[in-house]
Amino acid sequence: MKGIVFTEFLNLVEEKFGYEMVDQLIEESDLASGGVYTAIGTYDHAEIVKLVTLLSEKVNIPVPDLLQVFAHYFSNYMVANYEPFFEKASDTFDFLSSIHDYIHVEVKKLYPDAELPHFAATKLSESELELIYTSQRKMGHFALGLIESSIAYYKEEIAIDMENLEEDGSRVRFHLQKS
Amino acid sequence: MDEITLLKRRIERERNARRQAERILEDKALELYRVNESLEETVNRRTLQLRQSEIKYRSIIENMQLGLLEVDNDEVIIRAYPLFCQMMGYEEEELRGKIASQVFQISEDQEDMQAKIAERKSGLSSVYELAIHTKSGELKYLLVSGGPILNEHGEVTGSLGIHYDITYQKELQQELEEALYKAEAAQRAQKAFVTSVSHEIRTPLNVIIGMSELLEDSKLSGTQKEYLHTLKKSADILMGLISDVLDIAKIDSGEILVNPVSFPLCELVKSVRDMFSVKLEFEPVEIRLSCNAIPENQVEADEKLIRQVLINLVGNAAKFTHQGYIDIGLNLVDQGDRYEASFAVSDTGIGIKENDLDKLFKQFVQVHDLKDKKRDYGGTGLGLAISHRIVEALGGNIHVSSEYGKGTMFQFTIPLMKTNMPLDVKPSQIKSKELPAVSHPVLIVEDNPMNQQYVLTLMKKWGIPTHLAENGKEAVDMVAAGKYSLVLMDIQMPIMNGYDATRAIRQMGIDSSSLPIVALTASTLKSDHQRAFDMGIDDFLAKPFKPDQLQNLLLSYLPLHKKDLPSNPLDESMLEEIYQGDAEYRSSMFQIFLETVPAEFENLERSLRESDFDTVHQIAHKIKPNFDLVGLPRLREKMQSIELACKSRDQENVVANLVSEVKRELQLSLPHIKRLI
C-alpha cells in the first residue's frame, strides 16, 4: 500500500487525538516498518489494518466509521494535489466513471507497483450510476467516503445506497441516484 | 508519558522517514536518468533511420523519371516536384495555386480521368492515361498513378499524382497502327486483285472448255481430235491451277468457310475411290479402299472440304505412282458424341526424300525437280498447302511419312460430330404437304433465266406460290406493293444488286421477323457473308444448290398460317410447376422474357457473325435460365450446348448450327408466349 495512505492516516490521528495517540498506535502495533512512513514509499497493507483496528478499540469508534472519516480527510489531500483529475470531469458520475479507465491508468504510470482496487462504473440512466468495488483490501467504506467527497466536490445532491455483494466486503455495489 | 521521550521518538521517526524518502528519491532519480539516456539514444537512432529513409526514397523518386504533383480537392496545385516541372516546362511558382486541368488544357471529354478523380475523393487509388499540354503547347501522353492524400483524421484533402511520360510509346504505337493499317490495306488490295483476275480468267476458260466439249460432238478428223484433246486437257489443267490460286487466296485471308452438312462418311470415300478408278483404268496402278465406316455412320461436317483434301491427296498419289497400288483408308473411332476419323492415302510411288518432308506443306514448293526431263509433274505446288490448311480449319492435323523410291503415306485425322439426321430423303420423295402452307407467296429475285427456271420448277412442284423479280429494283417495288413470306435474293444482278435491294427493303421498316431474306450466292467468302448480314440478309444458300437444300431452307424460314399454329411448344406442366396457376405472375415474367431475350439473342447472333465467341458465350450464359421460365427447357439445353461449344474454337460450326436452331424454335414459340400474356 502506498505510503501516502499511512502518512495521511497518522496526520488525521494526530490532528484529532494528538501525537501521543500516534505514538501509542505505532508502539503497540508491532509493525515491520517500525512506524516509519514516507508518502512515496510502499508498505504492507496489513499495517494499516492493524493501525485502524487499534484506533477503533482505543477511541471506541467502529472501523467502518473510521474509514469513512479517513476517506473524507484523504480526499482533501487528493483535491489539493491532484485537482486536474477532478477538473477534467464535469460531474460526479463523469468523475467516478473515469477512475478505472483514466485515473488508475495514470496512477500506474507514476507508481508501477501500486495495487489498485477495481472500480466498474455503469450508467444505468441519466440520473443513476452503479459502481462495483472489488478489492481484497475490503475497504468498501473507505470507497464510500471517497464517493461522498466527490459528490461534495461537484456540489451535487446524490443518494448513495451501499450493498455487499460478497459477505467479506471484497465486492461492494454502490447505487447512486441523483435527486 | 514523558513528553521528552515522546518527542525524541517522534524526531527519530521523522528522521528515518526522511532518510527513507531520500533513498527512494535517489533511486527514482537514477532510474529517470537511465530512462532519459535510453530515450535519447532511441530518438537519435530513429531520427537517423528516418533521415536515411527519406534520403533513400527521395533519391528513388528523383531518379525515377517520375513527375510528382500534389493537388487539393478542387484540383488546385499545392506542390509540383522538380521533375514534373521539367517534364511540363514550367517553374514551380508558375504552377502553384493554378487549377491543374486548366493549366494543362486537359480536355473535358477525358471521362476516364474525371471518373478516376471522383474515385480518388472516396479514397481509392487508380492508374490511367492522360493527354496533357506542356507550357509550349506540345501534347504529351502521361501514365498517371493517382492516390488520395489523407489528413490526420483520415479525410481526403487532395491527391498525389505520379506521372510517367509515355509520349514516345504512344507515338510509336500510333505509327505501328498506321503501318499495320496500310499493310493490311495493301494486302487486301492484292488479294482482291488476285481474286478478281482469277475470276476473270475463269469465265473465258469455261467458255473454252464448253466449246471444246461442243466441238467433240462434231465431226472431226483424227488429227483434229488429237488437237482438241490437247486443247481440252490444257484448259482443264489451267482451270485446276486457277482454282488452286483462288483457294489459297481464300485460305490465306482466313476465309475458309466451313459449312457442315449431314452425310454418311463411307459414301464419300467410296465416291473418291470410284472417281480415281475411272481415271486410272488404263494405268498399271490398282486403287484400293479399306474403310470401317458403315452407312449408318452419319456425320455432320463440311463434305466438300473433306472431299477436296481426299481428291488432292489421291490425285497426288496418282501423279507420282507409276505402278503398284494406291490405298485409301478410313478408320472411324467412336468417341461418344462424336467420331475421330483417320484418313490415310498410301501409295507405291516414287516417294519423298527425308529432308524434303518438312517443306511439303509449304506454299509454292515442289519437292520434285520440275526440270525432270523424263516426266512433267506440273502443278502449282499449292495442293498440299491447301490440304494442310483445310485440315487445320476442320480442327484436325495432317502427317506424311515416306520412303524414297518406295512410296508415301499421307494421314489426316479430324473430329466429326455425330448426327442422326437421315439424309436418304431424296427430293422426289418429298411431298408438298410436308412443307408448310404459306399465306403469302415467296418472292424470287433472279436475273439468270436458267436459275429462274430451276427455282420456279421446284417451287411449283412443292405447291408454293411464287412471284418473280428480274432485279433488285423490281424486288424492292414488289415488296413495297405486296406481302411476301420470304425473299430468295440473288446477289449479282443488273440495275440493282441483292445487297442494295436488301438494304432498301430493310430501310422500309420491314425486318427479318416479318420478311426473311435469303441470299442465293456463289460466293463462299466469309467477308461477303459478313457484308450481307450487315445489310440485313438472314441466311445463305450457296449456288449451285440441290433441291433438298432449298427445301430445308424453306422449312426453316416459311412462316406458318397464323390460324393454325402448330402444337404448343411450351412445356405446360413445367409452367404449372413454376407459376402454380398464378397467371398474372406468369404474364409479367413472359413480358420480361419478350422484352429482353429476343434482343439479347440478336446481340448473340451479331457476336457470332463477328466470331466474338467470348461474347456469344457470355450472352448464352446470361439468357439461358430465362428459357425455363417460359417453358422452353429444350432451348435452355441448347443454350448450354452453345456455351460449351464456344469454349473450343474448333466448334464454330456447331455453335452456328445450334444458334440457328434456337432462332428457329424461338421464332415458332414467340406467338405462343405472346398468347399467354
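Structure above, values below:
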{"quantity": "Options A:Tyr77, A:Tyr82, A:Tyr102: the member that is away from chain B (no Cβ under 13 Å), open to solvent by 30 Å² or more (accessible area, probe 1.4 Å), closer than 19 Å to A:Leu144 by Cβ and part of a helix (DSSP H, G or I)", "calculated": "A:Tyr77"}
{"quantity": "The range B:482-498: number of residues that are farther than 17 Å from B:Pro449 by Cα and surrounded by 21 or more Cβ atoms within 10 Å (Cβ to Cβ)", "calculated": "4"}
{"quantity": "Contacts under 7 angstrom Cβ, first residue in the range B:126-142 being over 12 Å from B:Ile106 (Cα atoms), partner of a type in the set (D, E, K, R), 6 or more apart", "calculated": "B:Ser126/B:Lys116; B:Ser126/B:Glu119; B:Ser126/B:Arg120; B:Tyr128/B:Asp112; B:Tyr128/B:Lys116"}
{"quantity": "Sole residue being in contact with a Leu (Cβ under 8 Å, 6 or more places away or on another chain) and either free of Cβ contacts under 8 Å to residues at least 24 places away in the same chain or over 30 Å from A:Lys109 (Cβ atoms) (or both), chosen from B:Leu32, B:Leu68", "calculated": "B:Leu68"}
{"quantity": "Qualifying residue in the range A:2-13 (condition: within 15 Å of the chain's Cα centre (by Cα), within 14 Å of chain B (Cβ to nearest Cβ) and among the β-branched types (Val, Ile, Thr))", "calculated": "yes"}
{"quantity": "Candidate set from the range A:15-43 (those that are of a type in the set (Phe, Trp, Tyr) and closer than 23 Å to B:Glu22 by Cα); member that is farthest from the other protein chains (Cβ to nearest Cβ)", "calculated": "A:Tyr43"}
{"quantity": "Residue count, the range B:202-243 (criterion: under 24 Å from B:Ile256 (Cβ atoms) and either touching a Ser or Thr at 6+ places or on another chain (Cβ under 9 Å) or open to solvent by less than 70 Å² (accessible area, probe 1.4 Å) (or both))", "calculated": "7"}
{"quantity": "Given (1) part of a helix (DSSP H, G or I); (2) touching a residue at least 60 places away in the same chain (Cβ under 8 Å), number of the condition A:Arg137 does not satisfy", "calculated": "(1)"}
{"quantity": "Enumeration of residues in the range B:176-226 that are at pLDDT 80 or above, farther than 27 Å from B:Ser243 by Cβ and either of a type in the set (Val, Ile, Thr) or outside any helix (DSSP H, G or I) (or both)", "calculated": "B:Lys219, B:Leu220, B:Ser221, B:Thr223"}
{"quantity": "Scan of the range B:276-295 for residues that are modelled with pLDDT under 80 and either of a type in the set (A, V, I, L, M) or touching a Ser or Thr at 6+ places or on another chain (Cβ under 8 Å) (or both), ordered by number", "calculated": "B:Val278, B:Ala293, B:Ile294"}
{"quantity": "Filter pass, B:Leu150 being open to solvent by less than 40 Å² (accessible area, probe 1.4 Å) and among the hydrophobic types (A, V, I, L, M, F, W, C)", "calculated": "no"}
{"quantity": "Tally, over the range B:299-311, of residues that are open to solvent by 10 Å² or more (accessible area, probe 1.4 Å) and free of Cβ contacts under 8 Å to residues at least 60 places away in the same chain", "calculated": "4"}
{"quantity": "Selection status of B:Val314, open to solvent by less than 30 Å² (accessible area, probe 1.4 Å), at pLDDT below 90 and within 34 Å of the chain's Cα centre (by Cα)", "calculated": "no"}
{"quantity": "Residues of the range B:655-672 classified as farther than 19 Å from B:Leu554 by Cα, under 15 Å from the mean Cα position of the chain (by Cα) and open to solvent by 30 Å² or more (accessible area, probe 1.4 Å), total", "calculated": "0"}
{"quantity": "Complete set of residues in the range B:337-356 that are surrounded by fewer than 19 Cβ atoms within 10 Å (Cβ to Cβ) and assigned to a strand (DSSP E or B)", "calculated": "B:Arg338, B:Glu340, B:Ser342, B:Ala344"}
{"quantity": "Any hit, the range B:446-453, residues being polar (S, T, N, Q), outside any strand (DSSP E or B), modelled with pLDDT under 85 and under 16 Å from B:Leu554 (Cβ atoms)", "calculated": "no"}
{"quantity": "Count of the range B:317-336 residues which are buried (at least 20 other Cβ atoms within 10 Å of the Cβ) and assigned to a loop (DSSP other than H, G, I, E, B)", "calculated": "1"}
{"quantity": "Test for B:Ile248: is it modelled with pLDDT under 80, open to solvent by less than 70 Å² (accessible area, probe 1.4 Å) and in a loop (DSSP other than H, G, I, E, B)", "calculated": "no"}
{"quantity": "Among (1) among the small types (Gly, Ala, Ser); (2) assigned to a loop (DSSP other than H, G, I, E, B); (3) more than 14 Å from chain B (Cβ to nearest Cβ) - the single one A:Ser97 does not satisfy", "calculated": "(2)"}
{"quantity": "Which listed residue is assigned to a loop (DSSP other than H, G, I, E, B) and either hydroxyl-bearing (Ser, Thr, Tyr) or surrounded by 15 or more Cβ atoms within 10 Å (Cβ to Cβ) (or both), from B:Gly631, B:Gly581", "calculated": "B:Gly631"}
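The values are calculated or read from the model by the stated rules, or taken from the named source; none is laboratory data. Remember, predicted model here, so these are calculated numbers, not experimental data. Please note: Cβ atoms are built from the backbone with ideal geometry, for glycine as well, and neighbour counts cover all protein chains shown. Note: accessible area is taken over every heavy atom of the protein model, side chains too, but ligands, DNA and RNA are not part of it. Shrake-Rupley method; radii C 1.70, N 1.55, O 1.52, S 1.80 Å.
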